[in-house]
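Novice: Quick one: structure below, then a few questions.
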Amino acid sequence: MSDGPRYRRVLLKLSGEKFADDDNSISPQIVNSIAAQLVEVAGRGVEIGVSVGGGNIFRGTSPQAAGMDRSSADNMGMLATVINALSLQDAIEKQGVDTRVLSAIGMQEVAEPYIRRRAIRHLQKGRVVIFAAGLGAPYFTTDTAAAQRALEIGAEAILKGTGVDGVYDRDPHGAPEATRYSDLTYLDVLSHGLKVMDATAISLCMDNRLPIIVFELLREGNIWRVVDGQPIGTIVHAGPESASAEGELTG
């Protein structure tokens, strides 16, 4: 018999691209699917925060921003994350779970300002807390913002939802022979340039021994499986010197 889920408080990192399909920058079907998983997890007593990106709408480093001042472009990207946060909030609340959007940029008519103690209190009350607008400053990625928020709220793990079932040594869509790793250390990720989160975010997690679990987001029930400690995806942690995998890192 299980004593409950492996993780009691987590932060889910969602890139903006996860909100989109081929026809829409925000797909109602995808957003509703993510919301249903979050509702399931919250309903089982897990405290869950969500950090959202905005790349489906605008990213400060995207071709759309070519020639723009970086600060202005990043500010636009942060505003895009608020749009995604509001769409996810709507979908979750229509499925019966209370949420709060906390923005690092003041916009009190649509979101609460981010205050760490307030975020923790919302989590304790069973609300899904959606973090928007990154860190409220340019030059910081949403990966770094997610790591920062996870540490501030005392999350036990970062869950990174992706389009594949873990971290591979190369793009599995273009290379069927790609190796999936079940287990990696932070140093493995940094030294081999694996695409998990950016170097600043990985370093933050490494310094604070905060595990990152990379998994396939849109497979029904997967968020719960990760929270429950089931062996899916890839875990990045401060484990042994070299990673174990369905192949081992070398070189």
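Please treat every number below as a calculation from the coordinates, not as lab data. Treat the numbers as computed from the prediction; the structure is a model and nothing was measured. Cβ coordinates were reconstructed from backbone atoms using ideal geometry, including for glycine residues, and neighbour counts include every protein chain displayed.
Novice: Would you please name the GluC sites (Glu not before Pro) within the stretch 140-210 that are DSSP coil residues with at most 15 other C-beta atoms within 10 Å of their C-beta?
Specialist: Here the sparse-neighbourhood loop sites are Glu177.
Novice: Divide by every residue of the chain the summed helix terms, -39500 (n - 2.57) for each DSSP H run of at least 4, and state the resulting mean residue ellipticity at 222 nm, rounded to the nearest 500 deg cm²/dmol.
Specialist: Theoretical 222 nm ellipticity from helices: -10500 deg cm²/dmol.
Novice: Looking at Gly106, Leu187, Val50, which one has the Cα that reaches farthest to the positive end of the dipole of the chain (charges on Cβ: Lys, Arg +1; Asp, Glu -1)?
Specialist: Result: Gly106, furthest along the dipole toward the positive end.
Novice: Quick check: pseudo-label points 7 Å beyond the Cα along Cα→Cβ at Met107 and Gln230, how many nm apart are they?
Specialist: Here the modelled spin labels are 3.6 nm apart.
Novice: Ser191 versus Thr179, label points 7 Å from Cα toward the beta carbon: distance in nm?
Specialist: If labels sit at Ser191 and Thr179, their model points lie 1.4 nm apart.
Novice: Could you grab the relative contact order for the stretch 36-179? Cα pairs under 8 Å, six or more apart, rounded to a whole percent.
Specialist: The value is 25 percent.
Novice: With only Lys, Arg, Asp and Glu charged, each at its Cβ (+1 for the first two, -1 for the last two), find how big the charge dipole of the chain is about the Cα centre; round to the nearest 20 debye. Mind dumping the intermediate values first?
Specialist: Details: 24 positive and 31 negative charges, 196 e Å.
Here the size comes out at about 940 debye.
Novice: Right, something else. How high is the relative contact order of the chain, in percent, with contacts defined as C-alpha pairs under 8 Å that are six or more residues apart?
Specialist: 22
Novice: Another one. Using 1/(1 + (r/R0)^6) with R0 = 45 angstrom and r between the beta carbons of Tyr139 and Asp3, what's the FRET efficiency to the nearest 0.05?
Specialist: Working: r = 43 Å, r/R0 = 0.95.
For R0 = 45 Å, the calculated efficiency reads 0.55.
Novice: Still on this structure: In debye to the nearest 20, how big a dipole does the stretch 40-127 give about its Cα centre with +1 on each Lys and Arg Cβ and -1 on each Asp and Glu Cβ?
Specialist: In total the dipole reaches around 360 debye.
Novice: Counting other C-beta atoms within 10 Å, and keeping those with at most 13, which DSSP coil trypsin sites (Lys or Arg not before Pro) do you find in the stretch 107-204?
Specialist: Hits after loop and neighbour filter: Lys125, Arg170, Lys195.
Novice: Give the order of His192, His122, His237 when sorted by the count of other beta carbons within 10 angstrom, beginning with the fewest.
Specialist: Taking fewest neighbouring Cβ atoms as first place, the list is His192, His237, His122.
Novice: Give me the lysines in straight-line cross-link reach of Lys94: C-alpha distance below 23 Å, same-chain residues under 8 apart excluded.
Specialist: The qualifying lysines are Lys13, Lys18, Lys125.
Novice: Taking neighbour Cβ counts within 10 Å as the exposure measure, how do Val196, Val167 sort from fewest upward?
Specialist: Val196, Val167
Novice: If you take the charge dipole of the chain about its Cα centre, with +1 on Lys and Arg Cβ and -1 on Asp and Glu Cβ, which of Val164, Phe131, Asn222 is farthest toward its positive end?
Specialist: Phe131
Novice: Additional query: Once you order the gyration tensor axes a ≥ b ≥ c over the Cα atoms, which shape class does the stretch 76-125 get: rounded for a/c under 1.5, otherwise prolate or oblate by comparing a/b with b/c?
Specialist: Note, shape of the stretch 76-125 comes out oblate.
Novice: What ranking do Thr142, Thr61 get, fewest neighbouring Cβ atoms within 10 angstrom at the top? Provide the component values of the computation, followed by the final result.
Specialist: Details: Thr142 28, Thr61 13.
The fewest-first ordering by Cβ neighbours comes to Thr61, Thr142.
Novice: Under the classification rounded if a/c is under 1.5, otherwise prolate if a/b is larger than b/c and oblate if not, where does the stretch 17-137 fall, given a ≥ b ≥ c as square roots of the Cα gyration tensor eigenvalues?
Specialist: Verdict is oblate for the stretch 17-137.
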